[in-house]
1. Kindly identify region B:98-178 as rounded, prolate or oblate by the Cα gyration tensor criterion: order the square roots of the eigenvalues as a ≥ b ≥ c, call it rounded if a/c is under 1.5, otherwise compare a/b with b/c, prolate if a/b is larger, else oblate.
2. Under 8 Å for C-alpha pairs, at least 6 residues apart: give me the relative contact order for region A:59-175, rounded to a whole percent.
3. In debye, nearest 20, what is the charge dipole magnitude of the protein assembly as shown about its Cα centre with +1 on Lys and Arg Cβ and -1 on Asp and Glu Cβ, if you could check?
4. If you take the accessible area of B alone plus A alone and subtract the pair, what total do you get in square angstrom, rounded to 100, with a 1.4 Å probe?
5. Over 10 Å intervals from 0, what percent of Cα-Cα pairs in region A:123-164 sits in each interval?
6. Farthest toward the dipole's positive end in chain A, which of A:Gln53, A:Tyr73, A:Pro157, given Cβ charges of +1 (Lys, Arg) and -1 (Asp, Glu) about the Cα centre?
7. Using the Kirkwood radius built from alpha carbon pairs, what does the Stokes-Einstein equation give as D for region A:72-164 at 25 °C and 0.890 mPa s, in µm² per second?
8. Quick one: pull the percent of accessible area on chain A belonging to carbon and sulfur, 1.4 Å probe, ligands and nucleic acids left out.
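The values are calculated or read from the model by the stated rules, or taken from the named source; none is laboratory data. From a predicted model like this one, the values you see are computed outputs, not experimental measurements. So basically every Cβ, Gly included, is an ideal-geometry build from the backbone, and we count neighbours across all protein chains shown. Heavy atoms of the whole protein, side chains included, go into the accessibility calculation; ligands, DNA and RNA do not. Shrake-Rupley method; radii C 1.70, N 1.55, O 1.52, S 1.80 Å.
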Amino acid sequence: MTGELWSILLLFGRLGLVAFGSGSSILSEMDRETVARGWLDHTQFVQAFAVSQLTPGPQVLYTTVIGYFAAGYPGAILASIAFCGPPAVLSVVLASLWSRRSTSPWPALIRRALGPVAMGLVAASSFALAPTALSSPWAIALAAVGFVVLNVRRVSPLWVVAAGAIVGAIFGSGS
Amino acid sequence: VKLLGILRHFLFIGATVIGQGKQLYLEDMFVRRLKWMSIEEFTDGLALCSIVPGPNITNMAAYTGWLLGGWPGALLAWLGMLLPGFLIILAVAVVARAGVFPPVVRGALAGVAATSVCMMLTVILRAAPTACRRVRGGWVLLVGTFAMAGPLGIGVLPTVAIFGLLGIWLNRPTRSSR
């Protein structure tokens, strides 16, 4: 393995293990570290992040783009696996520890106690997103209609996202 | 659910889960449509993902795959969740290495972002009552976590440490319940 690939493995492996909440918590550090290594410039970094917002799958797939810019196809594969792999292994290990039959009340208690915390983090993410996402009247109207449709008609969220993309392409392309 | 079924379902989910409100899409698929888990198991999964680093939806995929088919299930679910987006974004990176998005794409991007907010609020509306009813001080933990990680802008790690420990302490086993 070349030095560049080792560098990708170590950097993305490390950042994946400190990205609590979501991938966006380590965005500034990722920007600084990858630009300093000369893998891409800041504008390319922002573009990579923007593309990852519109592609399916985890929002952190900008790591794939950075890996590709740094070391071609092997770089893209390695960056994605190094960032998303170790936390997934950790999740399953923790889940299997939690589910062990034991007389201790603690595993179930910890799991239950963290439920509201997880919900609070979702609320905090929407708060962080709202100023940018709801910065125009049409975007606010879109979110309000989407909320009503999701809760009254119970349609699949997929349709709401698709409608959002179409409405955005029509009303938001001038901005 | 057979292993190939897990891979097939997760390839579909991985190819169609877009935007920030992914938790709602996963809840809709896992709990309502595929009936793979109860809302309690889903909330447990989200709780697990909140204390584990890394992207929530690949972690949720591994957790769900593990519930359905052990470690092979976890691996296939994780791979299925990652692969479609990986291939698409790699193709974009290859074709438009330093491309600038045309206005229509920027508009679509903004539309997707707006719907993300209503999806996040919907998943809170659906799952928060269950999550909060099961614990003492549930709503205090939710609002406190939101305030600290949201408006106060304090990092996710200290927030989870403080309110996670507070939640555990508030709900510790009492002498009579042991």
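1. Since a/c reaches 1.5 and a/b is larger than b/c, the shape of region B:98-178 is classed as prolate.
2. Taking the mean separation of contacting Cα pairs over the length of region A:59-175, I get 10 percent.
3. That gives a dipole near 1240 debye.
4. 8300
5. Computed distribution, short to long bins: 27, 53, 20.
6. The Cα lying farthest towards the positive end belongs to A:Pro157.
7. 140
8. Carbon and sulfur together cover 69 percent of it.
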